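Each reported figure results from applying straightforward, stated rules to the coordinates on display, with no laboratory input. Predicted model, so just to flag it, every value in this text is computed and none were measured. Positions of Cβ are backbone-derived with ideal geometry, glycine not excepted, and every protein chain shown enters the neighbour counts.
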Amino acid sequence: MTTVALDASTPATRQPVTLIDVDSHNIPGPSSLLPYLEPQWLEYLQHYGVRSRHEADIQPVLRPLACRADSVPPSGFPGSDPRFSQAQLLDEYGIDISVLNNILGQINFPGGNQPVPFSAGLQRANNDWAMYEWFTSDPRWRSSICVTFEEPDLAVQEIVRCTDMSDRFVSILVSTRTQKPFGNPKYEPLFEVASQLGLPITFHPGGTAMNNSTGSGMPSYYFENHSTYPLGTLTAIASLIFEGVLDRWPGLRFVAIEAGWSWAAPFAWRLNAAADTEVVEASRLQRKPSEYFADHFWFTTQPIEEPEDPAWFVEAYDQFAGLGLAENIMYSSDYPHWDFDSPRTAIPKALPDTARQALFCDNAARFYGFGAAGTDRR
Amino acid sequence: MSVSAPGLTEIRAPGGWAGPVIDVDVHVHVPSIQTLFPYMQQGWRDFIVERAVGTPPSFATVYPQNAGNVVRPEWRPENGGLAASSLELVREQALDAWAVERAILNCYWGIDSVRHPDLAATIARAVNDWLIDEWLDRDDRLRASLVVPAHTFADAVAEIERVGSHPGFVQVMMPVRAMQTYGRRNWWPVYDAIVAHDLVMGMTWGGTSEGPPTPSGWPSYYAEEWAGEQGVFMSQLTSMVAEGVFQRYPTFRLAVLDIGFNWVPSLMWRLNKEWKGLRRTIPWVNEAPSQIFRDHIRFTTAPLDAAPPSESARFLRWLGEEMVMFASDYPHAYPGDYRRFLDALPESARPKIMADNARAFYRL
């Protein structure tokens, strides 16, 4: 438990940049978005609420919204108070840049069962809340853009609006559970705008997408949902490769949050086996599946892999790096969630210093275009 | 007709593996629904003819018959018939080719996609009786999985009760895609029957769920669907661990087939980690998931995927030499060189992989 002093504020970005966190969460409280909703959608919200289908997982005990017990600010809602998060995350750990992924903005858009214009209005409000309350409170915050990803044309409008407002919107936020596997032609407008703007697309676990969360129905327990976060990413990677998306948009980059990374090498080899076997389908591709990984897929550290024998951590990292992915892994804290990874303790000390420097700073600086490692050009 | 199968038949070439071989996954196919007529009452034969019932639909959607992975070209019968559909073919191309001590037959025929409950039960009974008559009773080397009509739990139980004591059946085939995750308590009567008959649950590729096979809908390409099927296996193992199946059934044995093993260490690590953080939410899981895996679950060599042999050896070391059993996956066609794979393993692992692990697990 950290003690948070709300009156201590250190808004200046430290130079040089040494620590970048690519996944923290701002979570709008019940009234956070109200100032940013158009009157008709405010009225709608007050009458019907947000009815989007989201499985009501039983959360871990004493963990509101699956957040750390000590992350509840005086205002009562974890992740909703920029200055509290700044003090508890950025100041406490000396984090120079943190990328916010607004969980409710992501999971509350299922692609259906509420009016699409209402969903679009909520997403505009989520982004305006980041713009006017988070970016203004501390220069270290960046944010992914909340979009109606199942309505790609509307999403494109919002992406353009946000990037016109601020260059601190640094990626497009998408659920790992989409209505269709993410390489489906349905999502092409998103690939086009992401390519044009050079914005990465961030997969965060969750969402509902009108599909069950497993290929055999719904699970019973939070443990199951939480353990199978890599699943949606596996699906998306296979889809993006075999649909030819990466051949047609060679600049597209994706980052998988909370999905782990030790499965990437064996999965790349499984995809190669699929291509070796299904030559009729794979003949359409320009490269072997494993060869797409280094150019297109980035991974994050939280929850950090914990092999049964700690010595295997470096082995697993070397296997991952052997696939050309040493630059494709970035530190993430997942603040304020209960399974937060501290930058002080989460990454095994056995990892060589060069690899630690890469994942704590250099890789993310390069990936998001934060400038050369050690500077923040914004 | 040929038995050449690059990467597989070389196991027995000079200088190759000279010890015993137990092949835990030899697929056999029902030639046609008429093959099963002798094992049905006249009323069902009439039903099938009058309604033009054929091979259940998911047989072709799970294994499109001309897809690259379904049959090695040299194993397609010259007369144009269905591969792996007669004992003579299977003897020549598989059992004799790598000189098995025992082989376990798996007959995936898509019964999961038959929605008519009584027809599904009828077909399952017929397939099991056909397996006994045409295969198990004719070759001492053979053992088999019995099939069940899994959409109706009570009928699945009844079929296990009916034939589960036949000495040739060592396993119940449960395709990985099912209408509910396999940890759910609805399945427990089926597990009562499996355990009572001292059978193994064999989780295979394929099956029919009540939705698409991924959390994000239907894949477009077969290769994509095949690769991503790993995710369904991950969900099912997670479910069975989380719901306490292995605590409720201390002798439960689960064989995970058709999906290799390279991916398993990563899943075990994640489950262990999540269990440490969340065990209060599933307090009946009273030991680490990796221990549950080692006590109850085995995987197979097929497919090796396109991992370098040295990396497959590393995955096996992380997993444990006892955890993997040789499977040819005959007549399917996957890349993978078993000679190079065996050469990459420590000497102690080779007899375990090729026979000992299967002999112990299936009690052969």
Translational diffusion of segment A:240-378, µm² s⁻¹ [Kirkwood Rh, Cα pairs; Stokes-Einstein; 10 °C; 1.306 mPa s]: 98
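Other chains' Cβ within 10 Å of A:278-291 residues: what's the mean? Provide the component values of the computation, followed by the final result.
Details: counts 11, 2, 6, 8, 3, 0, 1, 1, 0, 0, 1, 4, 1, 0.
For this peptide, the per-residue mean of nearby foreign Cβ atoms is 3.
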Global form of segment B:165-261, assessed from the alpha-carbon gyration tensor, a/c cut-off 1.5: prolate
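With the convex hull built on the Cα atoms of the protein assembly as shown, state its orientation-averaged projected area in nm².
Working: hull surface 126.6 nm².
Value for the protein assembly as shown: 31.7 nm².
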Within a Gaussian network of chain A (alpha carbon springs, distance under 10 Å), most fluctuating of A:LEU34, A:LEU231, A:LEU45: A:LEU45
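Counting pairs of Cα atoms in segment A:20-368, how many percent are more than 31 Å apart? Please report the intermediate quantities before stating the final value.
On the way: 18298 of 60726 pairs.
So the portion of pairs separated by more than 31 Å is 30 percent.
What net charge do the residues around A:VAL72 carry, taking every other residue with its C-beta under 13 Å from that of A:VAL72, with Lys and Arg at +1 and Asp and Glu at -1?
Working: positive: A:ARG63, A:ARG68; negative: A:ASP70, A:ASP81.
Within the 13 Å Cβ shell, the charges total 0.
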Exercise: per-residue mean of other protein chain Cβ atoms within 10 Å, B:271-279: 5
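What's the longest uninterrupted piece of chain B once you rule out the GluC sites (Glu not before Pro) that are loop residues per DSSP with at most 14 other Cβ within 10 Å?
On the way: sites that count: B:GLU78, B:GLU210, B:GLU287, B:GLU347.
My reading of the result: B:79-209 is the longest stretch.
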Charge tally in the Cβ shell below 14 Å around B:MET203, where Lys, Arg are +1 and Asp, Glu are -1, B:MET203 excluded: -1
Contour minus Cα-Cα distance for B:GLU322 and B:PHE37 (0.36 nm per residue): 98.4 nm
For segment A:148-296, the Rg and Dmax computed from alpha carbons only, in angstrom: 15.7, 48
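Stokes-Einstein D for segment A:99-193 at 37 °C, 0.692 mPa s, Kirkwood Rh over Cα pairs, in µm²/s?
245
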Cβ-based exposure ranking for A:ILE27, B:ILE123, in which fewest neighbours within 10 Å come first: A:ILE27, B:ILE123
15 Å tail of the calculated P(r), segment B:159-200, as % of Cα pairs: 41
Range of Cα positions in segment B:178-320 per principal axis (Å), largest first: 37, 36, 33
Label point at B:LEU87 placed 7 Å out along Cα→Cβ; residues across segment B:144-181 whose backbone nitrogen lies under 16 Å: B:144-145, B:167-169
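Once you keep just the Cα pairs under 8 angstrom separated by 6 or more residues, what percentage relative contact order results for chain A?
Working: 641 pairs, mean separation 74.2, N = 378.
Dividing the mean separation by the residue count of chain A yields 20 percent.
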Positive-end residue, segment B:22-362 charge dipole about Cα centroid, Cβ charges, pick of B:ALA242, B:TRP226, B:SER85: B:ALA242
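Could you state the per residue volume, in Å³, of the convex hull enclosing the Cα atoms of segment B:1-92? Before the final figure, lay out each step's value.
Values: hull volume 12.4 nm³, N = 92.
Spread over its residues, the Cα hull of segment B:1-92 gives 135 Å³ apiece.
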At R0 = 41 Å, FRET efficiency that the Cβ-Cβ distance of A:LYS349 and B:ALA18 yields, to 0.05: 0.30
Bins of 20 Å, starting at 0 and running to the largest distance - Cα pair percent for chain B: 30, 61, 9, 0
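Just rank B:HIS197, B:HIS151, fewest to most, by other beta-carbon atoms within 10 angstrom. Display every interim value, and only then the final one.
Values: B:HIS197 17, B:HIS151 20.
Placing the least packed residue first, the sequence is B:HIS197, B:HIS151.
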Qualifying lysines (Cα of each under 25 Å from Cα of B:LYS276; at least 8 residues distant if same chain): A:LYS349
Computed FRET value (nearest 0.05) for A:ARG284 with A:ASP167, which takes r as the C-beta separation and R₀ as 41 Å: 0.65
Highest-MSF residue in chain B out of B:ARG45, B:ARG280, B:ARG298 [GNM, Cα springs under 10 Å]: B:ARG280
Environment charge at B:ILE111 (Cβ cut-off 12 Å; Lys +1, Arg +1, Asp -1, Glu -1): -1
Pairwise label distance in nanometres, A:THR18 with A:GLU38, each label 7 Å out on the Cα-Cβ vector: 4.8
R0 of 30 Å, Cβ-Cβ distance B:GLU287-B:ASN186: FRET efficiency to nearest 0.05: 0.75
Label-point separation in nm, B:ASP198 to A:ASP70, each point 7 Å along Cα→Cβ: 5.6
Check: the protein assembly as shown dipole with +1 on Lys, Arg Cβ and -1 on Asp, Glu Cβ, in debye: 500
Beta bridges per DSSP with both ends in chain A, % antiparallel, nearest 5: 10
Inter-site label distance for A:THR136 and A:VAL50 at 7 Å from Cα along Cβ, in nm: 2.2
